[in-house]
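Down below is the structure, laid out as structure tokens.
Only the coordinates and a few stated rules stand behind these numbers; no lab work does. Just so it is clear, the model here is predicted, and its values are computed rather than measured. Reconstructed Cβ throughout: ideal geometry from the backbone, glycine too, with neighbour counts over all protein chains shown.
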Amino acid sequence: MSNYHIKHLEEYYQVYRKSVREPEKFWEEVAEEHFLWRKKWDKVLDWDFNKPEVKWFEGAKLNITENCIDRHLATRADKTAILFEPNDPNEGAEHITYRQLYERVNQFANVLKQQGVKKGDRVCIYVPMIPELAISVLACARIGAIHSVVFAGFSATALSTRINDSDCKLVITSDGSYRGSKTIDLKGIVDEALESCPNVETVLVAKRINSEITMKEGRDKWLQPLLDNASKEGKAEVMDAEDPLFILYTSGSTGLPKGMVHTTGGYMVYTAYTFKNAFQYRENDVYWCTADIGWITGHSYIVYGPLANGATTVLFEGVPSYPNFGRFWDIVQKHKVTQFYTAPTAIRALAKQGAELVEAYDLSSLKVLGSVGEPINEEAWHWYNDTIGKKKSPIIDSWWQTETGGIMITPIPYVTPTKPTYATLPFIGIQPALMDENGKELKGNQVEGRLCIKFPWPSIARTIWGNHQRYKDTYFSAFENMYFTGDGAIRDEVGYYRITGRVDDVIIVSGHNLGTAPIEDAINEHPAVAESAIVGFPHDVKGSALYGYVTLKDIGETRNHDNLRIEINQLISDRIGPIAKLDKIQFTNGLPKTRSGKIMRRILRKIASKETDNLGDTSTLLNPECVQEIMDTSL
Ligand code: 6R9
């Protein structure tokens, strides 16, 4: 069916119009023709953004792993499903075929069952980018357990918070992980986290770095011997389309991280369909997404989307700078990568290294270049387009979120003409709206407002784990009958979208969403700190970096500010992770506040970004005098 693979702009408009006029009919056709269902649905869509409630393919039965693995065995058993490229290039790549993937997922699923994991149980996966990570994700899906992957760069505190929030009884991890020339003691972090997770009964440990670790009697088990004894065959659990597939945590502007819940049927249909089209994927392509499976990009576009299409997906354990800054290009050359999907922060870091490191490699296999995670600035866009793509591989600047499950606004390569810094047109089935601050929709082109989506798409997150009210408050309360994204956007004269960034208190550092509140909470734990406020400021590699304003308690003596800075960053590193460390810490006597006591981050943001000409009206502040002091001592 042509609807499944769009080949030119006119076809895009045709299919788009159909998907908007008759969304149920459109998605029903896609679902029917391209997936394996144990039973078809009774109803395609049921939705109400006021409740809010969204259900796709209600009544349908399926298992996503049968779609990602089993059904390919007839025609692609010996094709590489996962191409593992280890941290150390000398270790050599590992090709896992669809047949081997089938066997390894079954073995892992059987081990989970032996350990007492049942349909609906939550399993926490804290594993580096090694094959066991993708396999454990699929093994959970195979038996209907809900996986909660926690990025293996998060700290013990961040891990325990997530384990407890979704009440995971089993944790999968590894002895340690490689990161460039360093090793990380992952099991040690898990041990520390589990001191505050009384409900965890079992820890399965994969061996990766062969380090000496302590195994807690009765709780910790080496994975490999269990796998070796498990059967390579196994039946997939039959799931309802609306059964939860996974929980993935994303930072909120306040309080605990939000455990976004994605369900099975709609998520599968949308990630597979977007993968096929947004990357113009063809049968013998080698697709590589450099994200970590610990983020939504890895879930949807390393694991589920590619495998549902029977693709070869590269899984890279290492970092772009090891053994040197040519590593990405070395991998592209070695595996003849056709689609390459990365983040602006990586592009900027690599662009800084100069062209020689690129020119040494043959990148002629590349057909499509993707960008995701934050706005891509013009300079980075051109470098990517010229130096990597040689102006012949279109850049797809794809905008989407953990909450949306799949790509929402993106050019379709070789179909949509690109424009630097623009995510361009809504994907098939996506109905964006720009809203002004009073809740009115801005119609027509050449407008700027808050980005909302008017109509449900199949992979929208259905709730926040254990807190449906927060789901409603965060996404469905700002604008009536709309999903609010938290981002601002411009629609230009031809209807192209440019995402301008967050309009809430989430700051995106190197593509990672960080909420200001948990970082401020960590700083405030320091005994010398009275109060703090975090804002983002432009950074040429990270996109945004963090600037902290800190007021100290008056204890009648002066403190060494350099030592305090180190201690504060250590606290942040312990509580959240090194990615949340502050680039600048300014000590001040006060923070600007509204009369109701809210810190005016808007003003601090301008000072941090050195945009002090127009601070707006500060006279309504509770303490306007502190603004001058902050400007005078700004870093
Ligand atoms: C997939 C992912 C979501 C936030 C999102 C937005 C920013 C993502 C972007 C982009 C501009 C793009 N974002 N892609 N901004 N252009 N192409 O990154 O999910 O980690 O949940 O982040 O990232 O601000 O709201 P997630």
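Place a point 7 Å from Cα of T214 in the direction of its Cβ. Which residues in the range 186-204 have their backbone N less than 12 Å from it?
188-189, 191-192, 195
Can you tell me the length gained on complete extension of the stretch D492 to H468, counting 0.36 nm per residue apart and subtracting the Cα distance? Before the final figure, lay out the partial values.
Numbers: separation 24, 0.36 × 24 = 8.64 nm, distance 3.54 nm.
Extending this stretch completely gives an extra 5.1 nm.
Can you figure out the FRET efficiency of S477 with N560, using R₀ = 45 Å and their beta-carbon distance, to the nearest 0.05?
Working: r = 46 Å, r/R0 = 1.01.
Between S477 and N560 the formula returns 0.50.
Of K51/K235; K40/K235; K40/K454, which ones are farther than 29 Å apart at the Cα?
On the way: K51/K235 36 Å; K40/K235 19 Å; K40/K454 27 Å.
Distance filter (> 29 Å) returns K51/K235.
Which of the lysines could a cross-linker bridge to K392, judged by Cα under 19 Å and excluding same-chain residues fewer than eight apart?
K7, K336, K367, K419
Classify the range 506-633: rounded, prolate or oblate, from the alpha-carbon gyration tensor (a ≥ b ≥ c, eigenvalue square roots; a/c under 1.5 rounded; otherwise prolate if a/b is larger than b/c)?
Numbers: a/c = 1.70, a/b = 1.13, b/c = 1.51.
Taking the square roots of the gyration eigenvalues as a ≥ b ≥ c, the range 506-633 is oblate.
Only sites in a loop by DSSP and with at most 15 other Cβ atoms within 10 Å count here; which GluC sites (Glu not before Pro) in the range 436-494 make the cut? If you can, show how the numbers build up before the last one.
Working: sites: E437, E441, E448, E480, E493; in loops: E437, E480, E493.
Counting only loop positions with at most 15 other Cβ atoms within 10 Å, the GluC sites (Glu not before Pro) in the range 436-494 are E437, E480, E493.
Could you check the spin-label model distance between D632 and N284? Points 7 Å from the Cα along Cα→Cβ, value in nm.
7.2 nm
Output the lone cysteines of the chain: those with no second cysteine's C-beta under 4.7 Å from their C-beta.
Cysteines lacking a close Cβ partner in the chain: C68, C140, C197, C289, C452, C626.
Modelled label-to-label distance, H382 and R21, 7 Å Cα→beta-carbon offset: nm?
Inter-label distance under the simple model: 4.2 nm.
Going through the cross-link list K169/K258; K542/K610; K25/K118; K169/K581, which pairs have a Cα-Cα distance over 23 Å in this structure?
On the way: K169/K258 19 Å; K542/K610 17 Å; K25/K118 35 Å; K169/K581 31 Å.
Flagged as over cut-off: K25/K118; K169/K581.
Compute the length gained on full extension between S619 and K182: take 0.36 nm times their separation in residues and subtract their Cα-Cα distance, giving the result in nm to one decimal.
Details: separation 437, 0.36 × 437 = 157.32 nm, distance 5.13 nm.
The span from S619 to K182 would gain 152.2 nm if fully extended.
Could you tell me the relative contact order of the range 1-106? Use alpha-carbon pairs under 8 Å, at least six residues apart, and round to a whole percent.
Working: 106 pairs, mean separation 17.1, N = 106.
About 16 percent, as a whole number.
Using a 7 Å offset from the Cα along the Cα-to-Cβ direction at both D436 and D48, what is the distance between the two label points in nm, to one decimal?
3.2 nm
Using alpha carbons only, what's the Rg to Rh ratio of the chain with Rh from Kirkwood? Intermediate results must be reported in sequence, preceding the final value.
Values: Rg = 24.2 Å, Rh = 25.4 Å.
In the chain, Rg relative to Rh is 0.95.
What is the extension gain from D540 to Y322, computed as 0.36 nm multiplied by their sequence separation minus the C-alpha to C-alpha distance, in nm to one decimal? Could you put the intermediate results ahead of the total?
Numbers: separation 218, 0.36 × 218 = 78.48 nm, distance 2.09 nm.
Full extension of this stretch gives 76.4 nm more.
Net charge around E132, counting only other residues with Cβ within less than 10 Å of its Cβ (Lys, Arg = +1; Asp, Glu = -1)? Spell out each step's value before the answer.
Numbers: positive: R104, K207, R208; negative: none.
Value of the local net charge: +3.
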